[in-house]
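Heads up: the structure comes next, in structure tokens.
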Amino acid sequence: IYKNKPLLFFRDVLNWTPWTKQEEITNDLLKVKRVAVASCNGSGKTALAARIVAWFLSTRKDSIIVTTSATGAQLYGPFWRNIRQVVATSKKKLPGTCMTKAWQVAPQWYATGIASDDETQFQGFHAEGEHVAAAEAGIGDLADLRARQAQDDIRLVSKFQTDPLPTVHFLSFSPFPS
């Protein structure tokens, strides 16, 4: 019922109502394969990304989610703290067990966090089902995202008012959710 209805999942299962821009971003995820969101700090990107992780993992058997950030402190602080809060406060029980750095449903059905300062840590993630990556990037990655947007490889959306140094959340689905 919720596989292609993340907003309904947010409301019914997580008891959370996104604001208008978060709804637009969520709807973009259903239309295009990759979405990047550039905005100021404190605009709700991490809160939304945590709920997208919960929706995706809960509605796709044998999926693997890799979350990443530039540092372990960013990743296991704000991002995974939000994910754990989503699981703990969900109106309905979510599958599996959520820990500090991972959420395990089954041996090949899980979410994990990896700091992006060592690219070798990204090797070996293969899912029978579907895969999503959620990342927080700094302003230095924005130029690369804009270049990829020009090649139609990614959709860069600036859904929130940005300050001079926006952070970017990049959400990538593979294969595209159907």
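Worth a mention:
- Using a Förster distance of 30 Å, the FRET efficiency for Ala115-Gln85 (Cβ separation, nearest 0.05): 0.90
- For the stretch 61-68, 3J(HN,Hα) computed residue by residue from phi via the Karplus equation (6.51, -1.76, 1.60; θ = phi - 60°) reads 4, 6, 8, 10, 10, 10, 9, 8 Hz, glycine and proline entered as x.
- Here the scattering of the stretch 11-66 is modelled by Debye summation over its C-alpha atoms, one equal scatterer each and no solvent; at q = 0.23, 0.29 Å⁻¹ the log10 of I(q)/I(0) is -1.08, -1.45.
- Highest to lowest packing among 51-59, 17-25, scored as the average C-beta count within 10 Å: 51-59, 17-25
- Per-q log10 I(q)/I(0), the stretch 27-116, q = 0.16, 0.25 Å⁻¹ (Debye; single scatterer per alpha-carbon; no solvent): -0.65, -1.46
- A simple spin-label model places pseudo-atoms 7 Å from Cα toward Cβ; at Lys92 and Tyr2 they are separated by 0.6 nm.
No value in this document is a laboratory result; all are computed from the given coordinates. Everything numeric here is computed off the predicted structure, so don't read it as measured data. When we count neighbours, we look across all protein chains shown, and the Cβ atoms used for this are built from the backbone with ideal geometry, even at glycine.
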